C-alpha cells in the first residue's frame, strides 16, 4: 500500500497503489457518496496479485480529496472523468484498465469516450448509461435516502449508522449481510474524511449527458458486471448497457445487489483479470 496526496491545478487528490508499478495498471473508480476505502484493501491486494499495478483514489467531496461546501459542488461529471486522467498522470501511467462501479461506471464510460487513448479496457459494475425507458430504482431506496436530510452530519455515530443502513438496503439476498465489515469501513470513511457531509454533493453533480447517449461508440473491450437484485440500478440497466456497447460482455451475478460483496470477489477478480488480458500493457 502506498497512499499519496498530490495537487493538480489547485485540486487535491488522495490515491493509493498496490502491487508492482512495472505491471499493467488497473484504475478503480468508486461510486457516489463513497470514498476509495470501499475498494477494500484485501480486494485491491488480491487483484494486484494477479499481476497488476492497482490504483484506487478518492473522488472529489469524499475521503481526503478536495471538498466543497455541502450543496455546492463546483464541478461536473466531465471534470470527475478528467480527475481520473490526473491520477494516471501522477503515477506515470500512459494507458490503464479502468474499473468503475455505480457512478464510477458512469465516469468510466465518459472516460472511454473523452480520453480513449488512455484506456485499454473498461469494466462497468452495477452501472448504466441511463437510457430512456429503463426501470427506476426501487421505492425502498428512495425512502431510505430521503432520511439523509435528517442526519446530523456532525455526529459520527449517526453517519456511520446511516451508512451501514444504506448498504443493507442496497444488498441482495444471495449472501449474508457483512455488517461488521461494512461498519468497519464506514468508521474508516468517517475518520479520514475532510467533511463527511460533502459526500451528498455527488447527488447534485451535473453533466455527462452528451457522452452517455454515445455509449455505442465506445471502442475498447468492455465487461459489464451486474447483480440481478440491484435495487438502485436494476439489472435491466446492465443488460441494456452491454447491448449498447458493441464489444461488451455481460457477467451476471445472481442474487447480488448494488454491492461488491466479499463472496463475489473471486468471481469478479477472475473476470477482470481475464478481460484485461485482452490488452495487456506496461505503464
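A short reminder: the numbers here are calculations on the coordinates, not readings from a lab. Being a predicted model, the structure only gives us computed values, none of them experimental. Backbone-built Cβ (ideal geometry, glycine too); neighbour counts: all protein chains shown.
Spread over its residues, the convex hull of the C-alpha atoms of segment 1-45 is 95 Å³ per residue. Taking other Cβ atoms within 10 Å as a rough exposure proxy, 229, 179, 188 sort from fewest to most as 179, 188, 229.
Put simply, the C-alpha atoms of segment 72-226 give a gyration tensor, and the ellipsoid matching it has half-axes of 29, 19, 17 Å, longest first. Each part gets one Cα centre, and for segment 73-87 versus segment 232-262 those centres are 24 Å apart.
A Förster distance of 30 Å, applied to the separation of the beta-carbon atoms of residue 173 and residue 274, puts the FRET efficiency at 0.65.
For segment 200-264, the pair-distance distribution built from all alpha carbon pairs, in bins 10 Å wide starting at 0, is 20, 39, 36, 4 percent. With a ≥ b ≥ c the root eigenvalues of the C-alpha gyration tensor of segment 87-163, is it rounded (a/c under 1.5), prolate (a/b larger than b/c) or oblate? Oblate, because a/c is 1.5 or more while a/b does not exceed b/c.
Listed from fewest to most Cβ neighbours within 10 Å, the set 44, 267 follows the order 267, 44.
Within the chain, DSSP assigns beta bridges of which about 30% are antiparallel (rounded to the nearest 5).
With kT/(6 pi eta Rh) evaluated at 25 °C and eta = 0.890 mPa s, and Rh the Kirkwood radius from Cα pairs, segment 171-283 diffuses with a coefficient of 147 µm²/s according to Stokes-Einstein. Modelled this way, with points 7 Å down the Cα-to-C-beta line, the labels at residue 239 and residue 263 are 2.4 nm from one another. Its convex hull of Cα atoms gives the chain a direction-averaged projected area, equal to a quarter of the hull surface, of 13.0 nm². With neighbours defined as other Cβ atoms within 10 Å of a residue's Cβ, the residues 124, 250 order from fewest to most as 250, 124. For the options 151, 245, 26, a Gaussian network treatment of the chain with springs between C-alpha atoms closer than 10 Å singles out 151 as fluctuating the most. From its DSSP helices (H runs of at least four residues, each -39,500 (n - 2.57)), the chain gives a residue-normalised ellipticity at 222 nm of -10000 deg cm²/dmol.
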